[in-house]
Amino acid sequence: MSSHDRPEPPRSGSERDTLRAFLDFHRATLAMKCEGLTDEELRQQSMPPSTLSLLGLVRHMAEVERAWFRRVFEDNDAPMVWSDKVDFQAAYDARASTRAEAFTAWEAEVATSRRIEREAESLARTGFQPRWRQEVSLRMVMVHVLLEYGRHNGHADFLREGIDGTVGA
């Protein structure tokens, strides 16, 4: 694994540039944790009763990106990627998934999220969060998604170490 392709967050920058860079840093971290592994290794689950796997995390983060960017700012009724209802747990079931399937969906959602953020005039732009039935700002969405990545990249650290002993960034 190499960290040379991860974007370096600015040491000093605007709030928006900093949030954008840290999101991209964490997105790249998740991808990096999956580098060099086979589909079978990516599907390897942690320990019972958990069914958590690296591929499941990638699928879950595709759902998170969709739920917090596309569904809030473009289409409140957009279907989830892997469930007919808003069920984030469904994405974790990666037993029949492949790298190609999971990463294609995740990368498409990331691209949509980046476009939505880029097109917004400011972090104060609001959208409707259908699960909460409330308006939320782009700032809040970016921070929320950043926290999701931070938490799940911690899981990815342990999962990767369990697969092949690789630790660290």
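The values are calculated or read from the model by the stated rules, or taken from the named source; none is laboratory data. These numbers were taken from a predicted model, which means no experiment stands behind them. Ideal geometry is used to build each Cβ from the backbone, glycine not excepted, and the neighbour counts take in all protein chains shown. Quick note on the areas: whole protein, heavy atoms, side chains included, nothing else; ligands and nucleic acids left out. Shrake-Rupley method; radii C 1.70, N 1.55, O 1.52, S 1.80 Å.
Some points to look at:
- Residues that are open to solvent by less than 70 Å² (accessible area, probe 1.4 Å) and either in contact with a Lys or Arg (Cβ under 6 Å, 6 or more places away or on another chain) or among the β-branched types (Val, Ile, Thr) (or both), drawn from region 115-129: Ile116, Leu123
- Any hit, region 102-109, residues being open to solvent by less than 20 Å² (accessible area, probe 1.4 Å), closer than 20 Å to Arg125 by Cα and hydrophobic (A, V, I, L, M, F, W, C): no
- The set of residues in region 90-107 being assigned to a helix (DSSP H, G or I) and in contact (Cβ under 8 Å) with a residue 40 or more places away in the chain consists of Tyr92, Arg99, Ala102, Phe103, Ala105, Trp106.
Results for (1) modelled with pLDDT under 95; (2) of a type outside the set (Asp, Glu), shown as yes or no for each residue.
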site: Asp5; (1), (2): yes, no
site: Asp24; (1), (2): no, no
site: Asp39; (1), (2): no, no
site: Leu42; (1), (2): no, yes
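- Subset of region 1-37 that is small (Gly, Ala, Ser) and assigned to a helix (DSSP H, G or I) - its residue that is farthest from Arg125 (Cα to Cα): Ala31
- Matching residues, region 88-116, being at pLDDT below 90 and either under 17 Å from Arg20 (Cβ atoms) or of a type outside the set (S, T, N, Q) (or both): Phe88, Ala90, Ala91, Tyr92, Asp93
- Flag for Thr112 being open to solvent by 30 Å² or more (accessible area, probe 1.4 Å), of a type in the set (Val, Ile, Thr), farther than 24 Å from Gly36 by Cα and without any contact (Cβ under 8 Å) to a residue 60 or more places away in the chain: no
- Entry remark, region 1-42: residues being surrounded by 14 or more Cβ atoms within 10 Å (Cβ to Cβ) and among the β-branched types (Val, Ile, Thr) number 2 in total.
- Matching residues in region 121-131 - criterion: being more than 24 Å from Asp87 (Cα to Cα) and under 20 Å from the mean Cα position of the chain (by Cα): Leu123
- Condition check for His144: buried (at least 17 other Cβ atoms within 10 Å of the Cβ), out of contact with any strand residue (DSSP E or B) (no Cβ under 7 Å at 6 or more places or on another chain) and modelled with pLDDT of 95 or more: no
- Among the candidates Ala78, Ala111, residue that is among the hydrophobic types (A, V, I, L, M, F, W, C) and either assigned to a helix (DSSP H, G or I) or touching a Pro at 6+ places or on another chain (Cβ under 6 Å) (or both): Ala111
- Residue match in region 53-75 (condition: in contact (Cβ under 8 Å) with a residue 12 or more places away in the chain, open to solvent by 10 Å² or more (accessible area, probe 1.4 Å) and among the hydroxyl-bearing types (Ser, Thr, Tyr)): no
- Residue match in region 38-45 (condition: touching a strand residue (DSSP E or B) at 6+ places or on another chain (Cβ under 7 Å) and either touching a residue at least 24 places away in the same chain (Cβ under 8 Å) or not in a helix (DSSP H, G or I) (or both)): no
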